[in-house]
């Protein structure tokens, strides 16, 4: 089995797994580019940190949160966000209500990229899997999920069989 590894700074994937990045029934992350892939995606936390999100949601700091595959989700759609979805994601990223966000967004630390990646069946692994991201582009890469590996066990436990 080969699956894409979807990178993000800490704590964005944790926020997705914890339900903080929702629009309607879907977990949503944002990117600056479109992507044609649909299906299971491994959620990887890179070595960088978005401090404002750590503070907004009171996430723990520490290097033990980095360079890990922490979960899996099913990517069901990728498209440009509409205005209401952009406002919702601004609120999500900054842990604010709609009323707290200024119209010009001058009081927010994080604004979304234009493309929304819509996820369903979002599952956190029981035990994160260490992963060494290869040097090069930050877009998702494909990795083998080898039979008998801890990664394979976690993927199967999350209900991903393909």
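Pulled fully out, how much extra length does the chain show between residue 35 and residue 127, if you take 0.36 nm times their separation in residues and subtract their Cα-Cα distance?
30.3 nm
Please give the length that would be gained between residue 63 and residue 96 if that part of the chain were fully extended, namely 0.36 nm times their separation in residues minus their C-alpha to C-alpha distance (nm, one decimal).
9.2 nm
Which values of log₁₀ I(q)/I(0), to two decimal places, follow from the Debye formula for the chain at q = 0.13, 0.16, 0.17 Å⁻¹ with a uniform point scatterer at every Cα?
The computed values of log10 I(q)/I(0) come out as -0.60, -0.90, -1.02.
Sort 37, 12 so that the residue with the fewest other Cβ atoms within 10 Å of its own Cβ comes first and the one with the most comes last.
By the 10 Å Cβ count, ascending, the order reads 37, 12.
How big is the antiparallel share of DSSP beta bridges in the chain, given as a percent to the nearest 5?
85 percent
Rounded to the nearest 500 deg cm²/dmol, what is the calculated helix-only ellipticity per residue at 222 nm for the chain, with -39500 (n - 2.57) per DSSP H run of length n ≥ 4?
-5500 deg cm²/dmol
Starting from the Kirkwood Rh over alpha-carbon pairs, what translational D in µm² s⁻¹ does the stretch 25-99 have by Stokes-Einstein at 25 °C and 0.890 mPa s?
170 µm²/s
Using alpha carbons only, how many degrees (0 to 90, rounded to 10) separate the axis of helix 83-94 from the longest principal axis of the chain?
Roughly 80 degrees, rounded to the nearest 10.
With 10 angstrom as the radius, rank 45, 97 by how many other C-beta atoms surround their C-beta, starting from the fewest.
The order, fewest Cβ neighbours first, is 97, 45.
Which whole-number percentage describes the relative contact order of the stretch 2-157, with Cα contacts under 8 Å and a sequence gap of 6 or more?
Taking the mean separation of contacting Cα pairs over the length of the stretch 2-157, I get 33 percent.
How high is the relative contact order of the stretch 73-162, given as a whole-number percent (alpha carbon pairs under 8 Å, six or more residues apart)?
Normalised by residue count, the contact order of the stretch 73-162 is 33 percent.
Using a 7 Å offset from the Cα along the Cα-to-Cβ direction at both residue 141 and residue 18, what is the distance between the two label points in nm, to one decimal?
Roughly 2.8 nm, to one decimal.
Would you mind getting me the FRET efficiency between residue 111 and residue 76? Use the beta-carbon distance for r and R0 = 30 Å, nearest 0.05.
0.80
Computed from the coordinates by the stated procedures, all read-outs in this text should not be read as laboratory data. What you are looking at is a predicted structure, and each value in this text was computed from that prediction instead of being measured. No Cβ is skipped: glycine too gets one built from the backbone with ideal geometry, and neighbour counts run over all protein chains shown.
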